Amino acid sequence: MAVHIVAAGENLWAISTKYGVSIKTIVELNGLPSANKLTPGLALYIPDTLPPLHFYRIKAGDHIWNLAQQFNTNPAAILAANPGIDPKRLMIGQTINVPSPMKSDLATLGFLVPSSEAANLATLNNLAKQLTYLSVVAYSFTEEGYAFNMFKDAALVARSNQLKVVPLMMIRNLAGEDFSAELAGRVLENPTYRANLVASIVNLTRQRGFGGVSIDFEFIPPARRNDFILFLIALKKSLGDLILQVNVHAKTADIPTNRIIGAYDYAGISNVVDLVAVMTMDYGYPGGPPEPIAPITWVEQVIQYSLTQINPRKLQIALALYGYDKVVGTNQTRALSVNGAQNQAISIGSSIEFDPSAKSPWYRYWSSGKEHVVWFEDIRSYIEKYKLMDIYQLAGTTFWQISLPAPQNWAFLSKNFNVVKRMV
């Protein structure tokens, strides 16, 4: 695998010749709008025939030779993948690349909001090999705790089961189109309403052919922290062997009174459920100032805190398949796919910058006299996050959401990781 950063004046013919990869392949793997136009700073994923890469952090007692045995490779291959490394002076905490035929396992979960049935099925068919779970984002609940379906999803659930992707019924505390703290609080604080919610979720899950449940309750009132755990305990008991996955806001410390993160007792949740996905995205949030979607330093801090509370084999982190285009000054925000953000830069001729601290790409442009700043993700920022999954031996990752084109991500995942399959 190579990442090529386009220089001013470069064209695809020269890049194709340099790497011995066809222009057509480069265009397809990077979702380029055409073969005729590039922009400086664009990161291109270039496939190769080299073994998959492991990312490993040196520990006390490690030597190149025992690492070669551990990963079924040879010292020369490790040294070649780490130019400049001194095998006699490995430093504890140093991260190295280890080429190996043994791929790391990842449990992946893709969120999908049902829309056009044909488009949704095409997305699922295309990405099935890359997914362990499909979280169908189509359910909410009433003020008395009765879960209900919001979108047609029967064909999606059936096809997911056919493709050996475990479908999960995703339920959110939505009132209209927005998350409602009041709805979550009203139901969780009332034992009868909680029981209604558990029973109706389980009934819908079994009746509609799901392999489990994905919970996304956001802005839960902090006072309902313990009630949320009681709800999860009852839900998991009723689900039995079916999967219970919970999505929680990211944090680097526990602040029980905070209105956004206070209700999430990471340890208590982890003790009950099968998977906990920490939403490591929207550091630069809609309506806020232009900032990275998920700066790598923050993501690692979230992982390090999470691992003090959550079993690493239950822990997933989130990858954003989108970017934000913000008007400087007003912070007016427009969301677009990572591929759309990349191709917008190409079409308007904006050079793409890369923040070395955040490990994130961005660019600036002007429209109708207004300055725009776009932060998004690309192959470089994805690689940095996959490194952390490998280094910390996490269970896997989630993707919001898979209808958004992100060809670089899927190509890298396929090459370097084994997506585990689970049958319920």
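The values are calculated or read from the model by the stated rules, or taken from the named source; none is laboratory data. Bear in mind that the values here come from a model prediction, so they are computed numbers and not experimental data. A quick note on method: Cβ atoms are made from the backbone with ideal geometry, for glycine too, and the neighbour counts reach across all protein chains shown. In case anyone asks, the SASA skips ligands and DNA or RNA and just uses the protein heavy atoms, side chains included. Shrake-Rupley method; radii C 1.70, N 1.55, O 1.52, S 1.80 Å.
Considering only ASN97, ALA155, THR123, the residue lying farthest towards the positive end of the dipole of region 74-166 is ASN97, judged by Cα position with unit charges set on Cβ. Computed on region 218-374, with alpha-carbon pairs under 8 angstrom and 6+ residues apart, the relative contact order is 19 percent.
For region 144-187, the residues whose amide N sits under 19 Å from a probe point set 7 Å from the Cα of ALA195 along the beta carbon direction are 144-147, 186-187. The relative contact order of region 96-213 comes to 25 percent, based on Cα pairs under 8 Å that sit 6 or more residues apart. Under 15 Å from the Cβ of PHE179, count the other residues' Cβ atoms, weight Lys and Arg +1, Asp and Glu -1, and hand me the total. It works out to a net charge of -3.
Taking amide H as placed 1.01 Å from N in the peptide plane, SER135 has its amide H under 5 Å from the amide H of GLY110, PHE111, LEU112, LEU168, each at least 5 places away in sequence or on another chain. Of all DSSP beta bridges confined to the chain, the antiparallel ones make up roughly 45%. Our helix-only sum for the chain, with -39,500 (n - 2.57) per DSSP H run of n ≥ 4 divided by its residues, gives a mean residue ellipticity at 222 nm of -10000 deg cm²/dmol.
The mean sequence separation of alpha-carbon pairs under 8 Å and at least six residues apart, normalised by the residue count of the chain, gives a relative contact order of 18 percent.
The spacing between region 32-56 and region 306-352, judged by their C-alpha centroids, is 18 Å. For region 19-141, the antiparallel share of DSSP beta bridges with both residues in that region comes to about 55%. Which FRET efficiency value, to the nearest 0.05, is calculated for LYS237 and ARG313 with the Förster distance at 30 angstrom and r the Cβ-Cβ distance? FRET efficiency, LYS237 to ARG313: 0.90.
Of all DSSP bridge pairs formed entirely within region 135-281, close to 20 percent run antiparallel.
Local charge for ALA155 was computed over the other residues whose Cβ lies under 15 Å away, with Lys and Arg +1 and Asp and Glu -1, and equals +1. Accessible surface ranking for SER34, SER368, SER140, 1.4 angstrom probe, highest first: SER368, SER34, SER140. What nm value, rounded to one decimal, do you get for the distance between ALA175 and ASN36 when each label is placed 7 Å out toward the C-beta? Result: 5.3 nm between the two label points.
Distance between the 7 Å Cα→Cβ label points at LEU50 and GLU182: 5.7 nm.
Using a simple spin-label model with pseudo-atoms 7 Å out from Cα toward Cβ, ALA7 and GLN332 lie 4.0 nm apart.
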